[in-house]
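Everything below concerns the one structure shown next.
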Amino acid sequence: MIRNLSSLAIAVTVGATLAACQPGPAPEGGEGRPSLPASGEPMPAGYDWHFVAHGGSGDLDFGDGDWAEGVSVFHLSCLPASRSVEMSWGYPGEAVLTSGTATGTFRADSSAATNHPVFAALKSSAAIAVGLSGADMVLSAKPEGRAELAAFYDYCDTGVDPRAVPETAPEPEAPTEAAPEADAGEIPVAEAPAPDAEIVPEP
């Protein structure tokens, strides 16, 4: 009986150890958090980079494009001309960010310079891999998203949103030349008749 109990205890211990070694599922979305796709699964077809400048700051999200109530799986923000970005992905803990050949480990809600190798590579490649616990995401821009991402970096580095069209002032109308007015005291002079003109006496 004691041997059987010992064998059962060993089996339970081994089973628990094996279960702990299995990869966990992707983080589930809580309140205000999107459910991330499992590792290796592609992002939804409609997801892309979207930039919004408002209230003296700029926000770049990878998601469905609904800034107010939509889904964003990765977020960058900056102040104009700050040359720095703050990052978040809606989940606590660290993430390994890789773009091109550059990689780094960052905490959620931390900041980095726009010329950091990872974010400089993101600017040129418009793609970044985000490694989270239980989920790996690859965020690649479509043509429209590339323009949005480039505008975000311009805003962070120079403070100017290149998408904003400056208002042009209307061109002033060219002044028209008015006919010279005769002097009030000037007596008009009648033109002399031509030499060969016939003079008809007045009745």
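Here the spin labels are modelled as points 7 Å beyond Cα on the Cα-Cβ line, and at ASP109 and ASP161 they lie 2.6 nm apart. Of the whole protein surface, HIS116 contributes about 60 Å² of accessible area at a 1.4 Å probe radius. Using R0 = 22 Å, the C-beta based FRET efficiency linking GLU144 and SER57 works out to 0.50.
By the scheme Lys and Arg +1, Asp and Glu -1, what is the net charge of all other residues having a beta-carbon under 15 Å from that of THR158? Around THR158, the charge tally is 0.
Across the range 79-172, Cα pairs under 8 Å and at least six residues apart give a relative contact order of 30 percent.
The values are calculated or read from the model by the stated rules, or taken from the named source; none is laboratory data. Predicted model, so just to flag it, every value in this text is computed and none were measured. In this analysis, Cβ positions are derived from the backbone assuming ideal geometry, glycine residues included, and neighbour counts consider all displayed protein chains. Heavy atoms of the whole protein, side chains included, go into the accessibility calculation; ligands, DNA and RNA do not. Shrake-Rupley method; radii C 1.70, N 1.55, O 1.52, S 1.80 Å.
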